[in-house]
Amino acid sequence: MKNIFLISFLLLFAGGELAKIYINQYLAIYLHDFLVFFYLIFNIKTLKKIILNLKKIDKFNKKIFLLLLINIIFAVAYSIGQNQFQFTSFLYLGRALAYFLFVLLLKKNYGQKKVVQVFLNASLLILGLGFGQYLFLPDLTNLYYLGFDDHFYRLTSTLLDPNFTALIFVFNWLYYAKKANLNKKNLWFSILFLLGLALTYSRAGYLAL
């Protein structure tokens, strides 16, 4: 049952924008969001223990959390001052927090190696689908009328966004490049992610690299 859940999450997460449901013009939810929500609910007792243990983190990470909180407060205050505040912003912040707690919960229940493997597999699937999209559907200009950017000969994969896709590739390239000396498979994976990153033509991705 545990493996079925992880496989389901992997496939829905890798599905990207293909698994997106629009609630209104400004708010959308992904199918894997439902899995995250129900997983947090069904593991509420374990989640409470994890939240309490967050108090024990080192001073450096506490400073990171403090800076993040200050940044959010300033962003909200600025948007209110500019009369551009939207309640949906809090919903997206809530989603980010839910994802953070979800990953901590997965690490607790499955172990870090298992969790890392799930996201590595999802990234490989995104990479494979990205190459397929670049070869067979390179012209995404028609998607402009559906609210997406009109990319042409850029690898966007299922995320339909070359910048987000590129950042995923950067993290995976770092992982496999670091382990490239252990076996040839890791070396080939690092090369494939680097090639995928090059085809995104993402300046943000190149800068992150």
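The values are calculated or read from the model by the stated rules, or taken from the named source; none is laboratory data. Just so we're clear, the structure is a prediction, and the values are computed from it rather than from any experiment. Neighbour counts are summed over all protein chains in view; Cβ atoms, including those assigned to glycine, are modelled from backbone coordinates with ideal geometry. Just the protein is used for accessible areas: all its heavy atoms, side chains included, with ligands, DNA and RNA removed. Shrake-Rupley method; radii C 1.70, N 1.55, O 1.52, S 1.80 Å.
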Some residue of segment 143-160 being within 30 Å of LEU54 (Cβ to Cβ) and either touching a residue at least 12 places away in the same chain (Cβ under 8 Å) or of a type in the set (Asp, Glu) (or both): yes
All positions within segment 116-139 that are surrounded by 14 or more Cβ atoms within 10 Å (Cβ to Cβ) and either in contact with a strand residue (DSSP E or B) (Cβ under 7 Å, 6 or more places away or on another chain) or over 19 Å from ASN186 (Cβ atoms) (or both): LEU129, GLY130, GLN133, TYR134, PRO138
Residues that are within 23 Å of TYR92 (Cβ to Cβ) and either open to solvent by 80 Å² or more (accessible area, probe 1.4 Å) or of a type in the set (D, E, K, R) (or both), drawn from segment 30-43: ASP33, PHE34, PHE37, PHE38, ILE41
Exclusive hit being over 26 Å from GLN25 (Cα atoms), touching a residue at least 24 places away in the same chain (Cβ under 8 Å) and either in a loop (DSSP other than H, G, I, E, B) or touching a helix residue (DSSP H, G or I) at 6+ places or on another chain (Cβ under 6 Å) (or both), set ALA122, ALA98: ALA122
PHE9 within 30 Å of LEU143 (Cα to Cα) and open to solvent by less than 50 Å² (accessible area, probe 1.4 Å): yes
Residue in segment 142-164 that is at pLDDT below 95, closer than 18 Å to PHE13 by Cα, out of contact with any helix residue (DSSP H, G or I) (no Cβ under 7 Å at 6 or more places or on another chain) and assigned to a helix (DSSP H, G or I) present: yes
Residue satisfying all of: in segment 1-29; touching a residue at least 12 places away in the same chain (Cβ under 8 Å) and among the aromatic types (Phe, Trp, Tyr); farthest from LEU93 (Cα to Cα) among these: PHE5
